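Only one structure is covered here, and it is reproduced in the block below.
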Amino acid sequence: MENRTVRVRFAPSPTGPLHIGGVRTALYNYLFARQHGGKMVFRIEDTDSQRFVPGAEEYIIESFKWLGIEFDEGVSYGGDKGPYRQSERREIYKKYVDQLLAEDKAYIAFDTPEELDAKRAEKENFQYDATTRGEMRNSLTMPADEVQALIAAGTQYVVRFKIQPGEDIHVDDMIRGDVKINSTILDDKVLYKSADQLPTYHLANIVDDHLMEITHVIRGEEWLPSAPLHVLLYRAFGWQDTMPRFAHLPLLLKPDGKGKLSKRDGDRLGFPVFPLEWHAADGTISSGYRESGYLPEAVVNFLALLGWNPGTDQEILSMQELIEQFDLAKCSKAGAKFDYVKGQWFNREYIQSADNAVLAQDFDKILRENGIEAPIEKVEAVVAMMKMKKINFIKELWPLCDFFFIAPQTFDKEDKFIRKNWKDNAPQEMQALIELLEGLEDFSADAQRKAIDAWVEATGVKPWNAWRVMLVGAGKGPDMHDLAEFLGKEETLRRMRFALEALA
Ligand code: GLU
């Protein structure tokens, strides 16, 4: 067991968009696999046809591409242990269901939903188990020929796992240690349904983890109650020696108050709970991290620290650093508060260190939405000047940067900034500045700075704020020389002359 190559899997059911908690689960699997030089498998668990949602599988694949979480094998990736979509593995499961039946570890049950409801109404806390299975319509209580006759006649049935009561079952969890549960509380779980000729989650999950040689099952805490049953299934098949090790990750909790993080929390507080925007069949749209302007690296870093931390003060960790430092055994047992404000902080940090050319692509889209078409070098220059202005998202740059692309048209003399900085002597001083700038051959920020500094030195004029009134029309923007260089000599002088008239 210890010498086996690490193989993990992420096995979502395609029932809708991937929840951010699922993204964290996949990320931890990825970090663990990479750290151990192992492989990561992408399996689609689509045995519940009732809950199948078209487009969900493609959505999940696209999400991981965006986040930079790479699988080695599986649906859309290929590999020699496929097919990796459970709905394409019917014959494989059937064989294992038959094996359990032949070995008397499972049995066939014909109870209809109405019969089960009636039983529940009659008996409080009814559970299909060792104490009740003798009262039900199944292959343990009915003669074999009757069972065969019903099946031959096409009667619907299920296969149930025969759980022996009164035994302590141990789940060895890498995060939680030894989790003990008594088998008496378990019910005889349905493993297979004749109606759709498909196994249920439990059987398919165990058979596939075995056949795909999975060594570690890292998944959300909500699956911990299923783990004892899974241990029993491994044993029933005689696979206990290669049973994967379990790690059940802590829940993601509401940012405020108690309880599990839900989509409603996101709607209420204004943050996405899905990696990408999701368009549901009924026309509703749910926001995504990508469309909301998060950088994938920021999302990865933020999620990695929800339930684990490196034990140092370091908060900004690249994927490579995460792979090196991640430690499954040091994940917390307690749930992790989903501090979405911290998520925004991560985005701000990543924006500041991101490549300007990459950010320019994002900002260019926002400019176009606002009717601005500018050469990409110009867009990049603005990003470089302005991204440090404490923005969480690139879209926040637009109101801070509109004047780069749109000259002020009107000047409100009651505006606080203008009133304060457009004094009586401003027209005269600015006329002098216009003349000085007209004389400059080299209009680079450095050349302007040199010439203007000398003029300031000689005259005592402080031109900066009045100049800003003319070029920006408001108290915002970068260093004036950088701005004038960006606008160029012609546009700078045009704006200045226009302002002189408008403010006269
Ligand atoms: N199909 C399950 C899910 O949707 C997989 C649970 C597991 O990892 O065992 O999350």
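The values are calculated or read from the model by the stated rules, or taken from the named source; none is laboratory data. Computed from a predicted structure; not experimentally measured. All Cβ positions, even for glycine, are placed from backbone atoms using ideal geometry, and neighbour counts span all protein chains on display. Heavy atoms of the whole protein, side chains included, go into the accessibility calculation; ligands, DNA and RNA do not. Shrake-Rupley method; radii C 1.70, N 1.55, O 1.52, S 1.80 Å.
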> In µm²/s, what is D for the chain at 25 °C and 0.890 mPa s, where D = kT/(6 pi eta Rh) by Stokes-Einstein and Rh is the Kirkwood radius from Cα pairs?
Replying inline: 89 µm²/s
> Using modelled amide H (1.01 Å from N, peptide plane; none on Pro or chain starts), what sits under 5 Å from the amide H of Met142, excluding residues fewer than 5 places away?
Replying inline: none
> ³J(HN,Hα) across the range 418-429 via Karplus (A = 6.51, B = -1.76, C = 1.60, θ = phi - 60°), whole Hz, x for Gly/Pro?
Replying inline: 5, 4, 6, 10, 9, 8, 4, 8, 4, x, 5, 5
> Among residues other than Gln50 whose Cβ falls under 14 Å from its Cβ, what is the net charge (Lys/Arg +1, Asp/Glu -1)?
Replying inline: -2
>> How much length would be gained if the chain were fully extended between Asp178 and Ser353, taking 0.36 nm per residue of separation minus their Cα-Cα distance, in nm to one decimal?
In response: 58.7 nm
> Of the heavy-atom accessible surface of the chain (probe 1.4 angstrom), what whole percent is carbon and sulfur?
Replying inline: 50 percent
> If amide H atoms are built 1.01 Å from N in the plane of the peptide, which residues on other chains or at least 5 residues away come under 5 Å of the amide H of Val217?
Replying inline: Arg245, Phe246, Ala247
>> Taking the Kirkwood radius as the inverse of the mean 1/r across Cα pairs, report the Rg/Rh of the range 90-238.
In response: 0.97
> Ala102: net charge of surrounding residues, Cβ under 14 Å, Lys/Arg +1, Asp/Glu -1, itself excluded?
Replying inline: +1
> Spin-label point model (7 Å from Cα, Cβ direction): what's the Arg4 to Ala280 distance in nm?
Replying inline: 3.9 nm
> In whole Å and largest first, what semi-axes does the C-alpha gyration tensor of the range 241-354 yield when each eigenvalue is scaled by 5 and square-rooted?
Replying inline: 25, 20, 15
>> Could you check the spin-label model distance between Ala144 and Asn370? Points 7 Å from the Cα along Cα→Cβ, value in nm.
In response: 8.0 nm
> Taking the Cα-to-Cβ direction at Gln314 and at Ser262 and moving 7 Å from each Cα, how far apart do the two end points lie in nm?
Replying inline: 3.9 nm
> Quick one: of the DSSP bridges fully inside the chain, what percent are antiparallel, nearest 5?
Replying inline: 55 percent
> At a Förster distance of 56 Å, what's the computed FRET efficiency of Ala502 paired with Glu58, Cβ-Cβ distance as r, to 0.05?
Replying inline: 0.55
>> So, R0 is 22 Å and r is the distance between the beta-carbons of Glu438 and Ala458; what FRET efficiency does that work out to, to 0.05?
In response: 0.80
>> Please compute, for the alpha-carbon atoms of the range 201-259, the extent along each of the three principal axes and give them in descending order in Å.
In response: 46, 18, 17
